[in-house]
1. Residues Leu133, Leu129, Leu118, Leu107: which one is surrounded by 11 or more Cβ atoms within 10 Å (Cβ to Cβ), over 15 Å from the mean Cα position of the chain (by Cα) and over 19 Å from Glu180 (Cβ atoms)?
2. Please indicate, with yes or no, whether at least one residue in the range 122-136 is under 15 Å from Leu173 (Cβ atoms), not aromatic (Phe, Trp, Tyr) and not in a helix (DSSP H, G or I).
3. Can you tell me which condition Phe311 does not meet? The list is (1) farther than 17 Å from Leu345 by Cα; (2) at pLDDT 90 or above, and all the others hold.
4. Go over the candidates Leu362, Leu325 one by one and state the one that is within 39 Å of the chain's Cα centre (by Cα), at pLDDT 90 or above, outside the structural domain of Gly256 (by the TED database) and crowded, with 16+ Cβ neighbours inside 10 Å.
5. Kindly evaluate Asp202 against the criterion of being open to solvent by 30 Å² or more (accessible area, probe 1.4 Å), over 19 Å from the mean Cα position of the chain (by Cα), modelled with pLDDT under 90 and not polar (S, T, N, Q).
6. Would you mind finding the one in Leu308, Leu293, Leu255 that is within 30 Å of Glu218 (Cβ to Cβ), more than 26 Å from the chain's Cα centre (by Cα) and buried (at least 20 other Cβ atoms within 10 Å of the Cβ)?
7. So in the range 160-172, with the set limited to residues that are open to solvent by less than 80 Å² (accessible area, probe 1.4 Å) and not in a helix (DSSP H, G or I), which one is farthest from Ala105 (Cα to Cα)?
Amino acid sequence: MEWERIRVQLGAILQAPVQLGKLQQQEWVRLAQEQSAGNKPGASVTDNGQLYFMLESAGSQASVFSVEEVLLTSAERKLVELMIEACRTQEKPKMSAAGEDERKANLVKDWFYRQLELADPYGEMPDSLAAQLSMYATKIPLLLYGDYSDNRNVQYQDLKKLLDSFFDAEIVLIPLMDKEWLILGSEHLLSESGEDRENDGDESLEDSLASICSGLYEMLSSEWVGECHLSVHYPIIPAKSLMSTILQMRETMALGRTYEIGSSIHLPWKLHLEKLLIAVPETEKQKFVERVLKHVDHMLDAETQSTLEQFFTLDCNVSETAKKLYIHRNTLLYRLDKFKQETGLDVRNFTDAVLVKVAMLLYKVTKRK
């Protein structure tokens, strides 16, 4: 409750100085018993010419408004009592509703970790739990990891309020770990994303999900302190497949953070090859890199890596890659020819391009190890 703001407004109305302070709980109880005032919000007592109004009690102290007794009439005193009681009554439902959301979210969290202990990734949510958070409706799942400092404590209600405002709709927020959050948004977000991009022609489901991720990331980057990572999944019915979906999004995020250094949005349909390669034994990864690059991994400096990655991203189109890199076409051809001379691989050839693409992905991992 914003008692300081109310104090200022009350003082202006009464034309009398109102102070916000503390009173020992034992002292309040003594005065209240002597004057039959009670111990509820709004109750008032007098002591040494001061009038005290109970705001709330916490432990051994009570928060009170105080004003000189002679400055208020009995009618004004009664009105202040009623005003304080009304403020507390209005605040209770808000606090209760907010706390209820978090309580339900923690029930889902507890269920998730119980399923992990049982090693049952395909277990369905109990009906009694699923019904509390509308888990039978189709939802868009997103996994958020906050790369903020360990000293920063993100409050559930603060983040939920921010997300509700961004999506302009009620979302389900589940805290999984200290920095990991599951977000379940309405499937109506897909149609809203399509309306925002209606001039782009027919938009695929993947494009819509990527657009939602991009918008959310931009908002979190500007409104949140610290970096964050996002992964997304195709729409699901949480009651049926929430467990497996969370595990898949965790895998997507792990793959993205391993193979897409510098990227903060990790999309599963762009990581098929990476998912396949992650299962390759470490020794085989190293052997493949050495075999393909012929021990000339010094060729994969920052400029070469950037050139090849952009070349592959643009479907090996020389002209488009040169434009994207802001270099002359001949400069790009020179870089590709130089790479061919060193490795014997011409990335303008499909087979060689596939080999180099795979080697580059594995090189990122083996180099860091």
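1. Selected residue: Leu129, the only one of Leu133, Leu129, Leu118, Leu107 that is surrounded by 11 or more Cβ atoms within 10 Å (Cβ to Cβ), over 15 Å from the mean Cα position of the chain (by Cα) and over 19 Å from Glu180 (Cβ atoms).
2. Looking for residues that are under 15 Å from Leu173 (Cβ atoms), not aromatic (Phe, Trp, Tyr) and not in a helix (DSSP H, G or I), one finds at least one in the range 122-136, hence yes.
3. It fails just one condition, (1).
4. Leu325
5. yes
6. Residue meeting the stated conditions: Leu308.
7. Ala169
One line per residue, one yes/no per condition, for (1) touching a strand residue (DSSP E or B) at 6+ places or on another chain (Cβ under 8 Å); (2) modelled with pLDDT under 90; (3) closer than 21 Å to Lys270 by Cβ:
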position	(1), (2), (3)
Leu163	yes, no, no
Asp178	no, yes, no
His188	no, yes, no
Gly194	no, yes, yes
Glu198	no, yes, no
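The values are calculated or read from the model by the stated rules, or taken from the named source; none is laboratory data. All of these numbers come straight from a predicted model, not from anything done at the bench. Cβ atoms come from the backbone with ideal geometry, glycine included; neighbour counts cover every protein chain shown. Each accessible area value is taken on the protein alone, full model and side chains, heavy atoms only, with ligands, DNA and RNA left out. Shrake-Rupley method; radii C 1.70, N 1.55, O 1.52, S 1.80 Å.
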